[in-house]
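Undergrad: Dumping the structure here so I can ask a few things about it.
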Amino acid sequence: MRSMFFFGYGSLVNAATHPHAPCLPATVRGWRRTWVATPQRALCYLSVVRDPASQVEGAIAPVPDGDWAALDLREAVYARHDATADVTHDSEAGQIAIYSVPPEHSGAPGPENAILLSYLDTVIGGFLHLHGRAGAEAFFATTSGWEAAVLNDRAAPRYPRSIAPTHEVLDLIDESLSSLGSRIVTAE
């Protein structure tokens, strides 16, 4: 039986948000990371779309006994795809899945679909830990959809698995969002 793993490109890169271990660096080719709007909620989801010219750094982690139930529940808005042939890694992974929001349920983010800053804090904390500063900076450079506003919910995080950001995470996010010209809005 081949070992089953998932490829994470957002919060799943942060090992503190899930029980799957070890969480190992990996890259997926032929996919591009993007923020998308969905009819399921008024906030943006981070997703990936097929793009032969792109690649995304992230992480892989095992799914013991192929028990996808908990991950499928966590990623309920997403569809699971086989990405085994697309992922470069140094592990015993035999089969690798990736989650993406189906095209029929996603659209371009707009003013009414914000990115949660508490989610971004968690994601960037994971990237800094696994890929270093260069990997965290690459997250911003290789992700599209930054025209969405960013909702500052740090005082009362809305992301259920939020991890308190370090000063390094705060500084990197502030610098990156500023260079992207992102519009920060305050949570009510």
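The values are calculated or read from the model by the stated rules, or taken from the named source; none is laboratory data. Note that the structure is predicted; figures quoted are calculated from it, not measured. Neighbour counts run over all protein chains shown; Cβ positions are idealised from the backbone, glycine included. In case anyone asks, the SASA skips ligands and DNA or RNA and just uses the protein heavy atoms, side chains included. Shrake-Rupley method; radii C 1.70, N 1.55, O 1.52, S 1.80 Å.
Undergrad: Filter region 8-23 for residues that are surrounded by fewer than 17 Cβ atoms within 10 Å (Cβ to Cβ) and within 21 Å of Asp65 (Cβ to Cβ) and give the result. Step through it out loud before you land on a result.
TA: So in region 8-23, the residues surrounded by fewer than 17 Cβ atoms within 10 Å (Cβ to Cβ) come out as 16, 19, 21-22.
Matches in region 8-23: Pro19, Ala21, Pro22.
Undergrad: A further question on this structure: Which condition does Ile163 not pass, out of (1) open to solvent by less than 10 Å² (accessible area, probe 1.4 Å); (2) part of a loop (DSSP other than H, G, I, E, B), if it passes all the others?
TA: Ile163 satisfies all of (1) open to solvent by less than 10 Å² (accessible area, probe 1.4 Å); (2) part of a loop (DSSP other than H, G, I, E, B) except (1).
Undergrad: On the given criteria, is Ala93 modelled with pLDDT under 95, farther than 24 Å from Ser182 by Cβ, open to solvent by 30 Å² or more (accessible area, probe 1.4 Å) and not in a strand (DSSP E or B)?
TA: no
Undergrad: Which members of region 96-131 meet the condition of being open to solvent by less than 60 Å² (accessible area, probe 1.4 Å), in contact with a Pro (Cβ under 7 Å, 6 or more places away or on another chain) and not hydroxyl-bearing (Ser, Thr, Tyr)?
TA: Quick first cut of region 96-131, residues open to solvent by less than 60 Å² (accessible area, probe 1.4 Å) only: 96-102, 106-107, 109-110, 113-128, 130-131.
Then keep just the ones that are in contact with a Pro (Cβ under 7 Å, 6 or more places away or on another chain); that gives 118, 121, 125, 130-131.
Residues satisfying the conditions are Asp121, Gly125, Leu130, His131.
Undergrad: In region 54-76, what count of residues is obtained for those that are touching a strand residue (DSSP E or B) at 6+ places or on another chain (Cβ under 8 Å), without any contact (Cβ under 8 Å) to a residue 24 or more places away in the chain and hydrophobic (A, V, I, L, M, F, W, C)?
TA: Total satisfying the criteria: 0.
Undergrad: Related question: Are any residues in region 27-57 open to solvent by less than 30 Å² (accessible area, probe 1.4 Å) and touching a Pro at 6+ places or on another chain (Cβ under 8 Å), and if so, which ones?
TA: Those that are open to solvent by less than 30 Å² (accessible area, probe 1.4 Å) and touching a Pro at 6+ places or on another chain (Cβ under 8 Å): Gly30, Trp35, Val36, Ala37, Cys44.
Undergrad: Give me the pairs: first residue in region 153-170 and at pLDDT below 95, second residue part of a loop (DSSP other than H, G, I, E, B) and hydroxyl-bearing (Ser, Thr, Tyr), beta-carbon distance under 6 Å, and six or more apart or on different chains, which are they?
TA: Partner pairs satisfying both residue conditions: none exist.
Undergrad: Of the residues that sit in region 96-126 and are more than 22 Å from Thr17 (Cβ to Cβ) and either in a strand (DSSP E or B) or of a type in the set (Asp, Glu) (or both), which one is modelled with the lowest pLDDT?
TA: Applying the filter and picking the extreme gives Glu112.
Undergrad: Among residues belonging to region 169-184 that are not in a helix (DSSP H, G or I) and not polar (S, T, N, Q), point out the one that is most open to solvent (accessible area, probe 1.4 Å).
TA: The qualifying residue most open to solvent (accessible area, probe 1.4 Å) is Arg183.
Undergrad: Still on this model: Scan region 90-119 residue by residue and report those that are touching a Leu at 6+ places or on another chain (Cβ under 8 Å) and under 16 Å from Asn152 (Cα atoms).
TA: Of everything in region 90-119, those that are touching a Leu at 6+ places or on another chain (Cβ under 8 Å) and under 16 Å from Asn152 (Cα atoms) turn out to be Asn113, Ala114, Ile115, Leu116, Leu117, Tyr119.
Undergrad: Having 3 or more residues that are basic (Lys, Arg) is the bar; report the strands (runs of 3 or more DSSP E) wholly within region 21-86 that clear it.
TA: Answer list for region 21-86: 24-38.
Undergrad: Within region 147-160, does at least one residue satisfy the condition of being polar (S, T, N, Q), surrounded by fewer than 18 Cβ atoms within 10 Å (Cβ to Cβ) and part of a loop (DSSP other than H, G, I, E, B)?
TA: No, the conditions are met nowhere in region 147-160.
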